[in-house]
Amino acid sequence: MTLFTLNVVVKGTPARSHPFYHIEGLKSAVFLTFDVLWQKEPLEELLEFLEKRKIKAIFFVTGEWLKKNYPEGQKILSKGHQLGNHTFSHRKLLYMAEEEIEEEIKKFNMLCQNLFGFYPTFFRPPYGEYNMRIVRIASEQDLWTLLWSINLKTLSERESSLIISHLEESLHHGAILLCHTSSPQIMQILPEIIDFIEWKGYTIETPYTLQKYLEKRFPLP
């Protein structure tokens, strides 16, 4: 499944109050993100692969996952990646009151800061479900809401040739790639995906490059 949604920022409104599906203005750059839910496999193998390929990514995790997997969270950060806020308990935010939404987001931030001294930059709502109220609340916690333009979860269940064919049609400048660590055979397919992206002349940029670009292009008032 591939989504193409333009980032339209209304004049006079803060950019952080809008979600980003892809990043306009960054030619030949793509960004790699992973959603990590309940399991921690194959995280060790994945981190080793990314280090070997000199690739940095954003790992969206929940607070409940961090509490159970402190060493893994620490290793993600120590390898130069970023932890992203995926809420504390992965509940459906659309059906919650504002106070509950704020608590889900803030509780994760506080836990992450207390455990690692790291305050997240990016937020991704569970299931990718959001409304402008949710994005606004995240922005009030100094978070960018980051979604995706290419979803590789469903692709990872297909044959490699179909994945590459689909990726060839959908790859674009400023793409945000979504992978799931729980996707079947992700470690068998990911190397071929990375090879293809680089062969097409794209660079997988770091989360910090993305952070600095957004802060420069959309400075806070």
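General observations
- Remark: pairs (first residue in region 49-73, under 17 Å from residue 127 (Cβ atoms); second residue among the acidic types (Asp, Glu); Cβ separation under 7 Å; 6+ apart in sequence or on different chains) = 60/35.
- For the residues 133, 124, the requirement of being closer than 17 Å to residue 57 by Cα and of a type in the set (Lys, Arg) singles out 124.
- If only residues of region 71-117 that are polar (S, T, N, Q) and farther than 19 Å from residue 206 by Cα are counted, the one that is surrounded by the fewest Cβ atoms within 10 Å (Cβ to Cβ) is 114.
- Selection within region 143-163 - outside any strand (DSSP E or B), under 28 Å from residue 83 (Cα atoms) and at pLDDT 75 or above: 143, 147, 148, 149, 152, 153, 163
- Qualifying residue in region 177-190 (condition: farther than 21 Å from residue 45 by Cα and of a type outside the set (D, E, K, R)): no
- Any hit, region 17-31, residues being touching a Ser or Thr at 6+ places or on another chain (Cβ under 8 Å), assigned to a helix (DSSP H, G or I) and either surrounded by 15 or more Cβ atoms within 10 Å (Cβ to Cβ) or at negative phi (or both): yes
- Residues being under 22 Å from residue 117 (Cβ atoms), touching a helix residue (DSSP H, G or I) at 6+ places or on another chain (Cβ under 9 Å) and without any contact (Cβ under 8 Å) to a residue 60 or more places away in the chain - total across region 74-104: 11
- Selection status of residue 194, β-branched (Val, Ile, Thr), more than 30 Å from residue 99 (Cβ to Cβ) and either crowded, with 16+ Cβ neighbours inside 10 Å or within 16 Å of the chain's Cα centre (by Cα) (or both): yes
- Filter pass, residue 64 being part of a helix (DSSP H, G or I) and under 21 Å from residue 180 (Cβ atoms): yes
- Residue in region 108-127 that is of a type in the set (A, V, I, L, M, F, W, C), in a loop (DSSP other than H, G, I, E, B), under 20 Å from residue 212 (Cα atoms) and in contact with a helix residue (DSSP H, G or I) (Cβ under 8 Å, 6 or more places away or on another chain) present: yes
The values are calculated or read from the model by the stated rules, or taken from the named source; none is laboratory data. Every value quoted in this text rests on a predicted model; they were computed, and no experiment measured them. Virtual Cβ from ideal backbone geometry, glycine too; neighbours counted across all protein chains shown.
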